[in-house]
Amino acid sequence: MTQLVIHHYAKPAARRHLWAGVIMSIVAAAFVVDLATAWLAANPMAAQGLQASLLAGLATGIGAIPVLFMRRPAERLMAPMLGLAGGMMLAASLFSLLAPALQHVAASPAPWALGILTAAALLAGSQFMQQMDRQWPHHHVESIEADPMLPRVSLVVAAIALHNLPEGLAVGVAAASGADHGMTLGIALQNIPEGWIVASAMVALGAAPLRATVIALGTGLVEPVGGFIGVIASSLAGPALPLALAAAAGAMLWVVSHELIPASHKAGREAAGTTGLASGFAIMTLLAALA
């Protein structure tokens, strides 16, 4: 009888604790949103950086839409598309991140000291991505076609998120620091074919086309997360802004060198991959000139 009485009163108590936790979570979330809204209102450049990273991330979902009708891109298009993305990211890291960083270094009272720290920050950004690549289990999208044992969807999604995080970080830092120079538009443009490739990989792994499109959009929304980190870093950096710019550039360079160039230069595709890389770089050069 005692056990029955205890059991009878345990459920309402557990429910009360659950609802209390839910209410506290809602209040805390509302408080955080209110603080973030006030901070963004007081820092319009930070808001611009967050909006830029969100735009770039949404482009991935837009690029995935053709999978609903056309499915996987033709094999001959994969190398130039990956090369195009690599070329645009490479140029963006130079024009929108490293060039403004060097301008700040040249105008500083101690250019040699700040220059050394900026170079070290670039290496640190690259090393950070290297460590994440080692410690975060994932499977590269471009290797799916050559792998007879299809990987788990979760591992491919992890690889895509790993790729998109530094993009969002770079866009957020560049836009918030006023050094966009066409970077947001360029990253958004290169995310469109990237979204098609990502969604195609999901279909190859057995996902329905609609689910694959939603997954691609979800991976693109990792970029605003990186963008939020970037705008905070740029707003807090002050005189150390070149370090934030260089670290974002290092992360971007790692993705280009470790992911995109090898994927676009597989045996027999080197010429197409190089053409795509040069074309992407040329597009970003034009956007930077017109910005």
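For this structure, a couple of remarks:
- Cα-Cα P(r), the range 70-127, percent of pairs per 5 Å interval: 4, 16, 17, 16, 13, 9, 8, 7, 5, 4, 2, 0
- Largest accessible area first, the residues F128, F228 order themselves as F128, F228 under a 1.4 Å probe with ligands, DNA and RNA left out.
- Relative contact order for the range 189-291: 11 percent, from Cα pairs under 8 Å spaced at least 6 residues apart, divided by residue count.
The values are calculated or read from the model by the stated rules, or taken from the named source; none is laboratory data. Everything numeric here is computed off the predicted structure, so don't read it as measured data. Just so you know, the surface numbers come from the protein's heavy atoms only, side chains and all, with ligands and any DNA or RNA stripped out. Shrake-Rupley method; radii C 1.70, N 1.55, O 1.52, S 1.80 Å.
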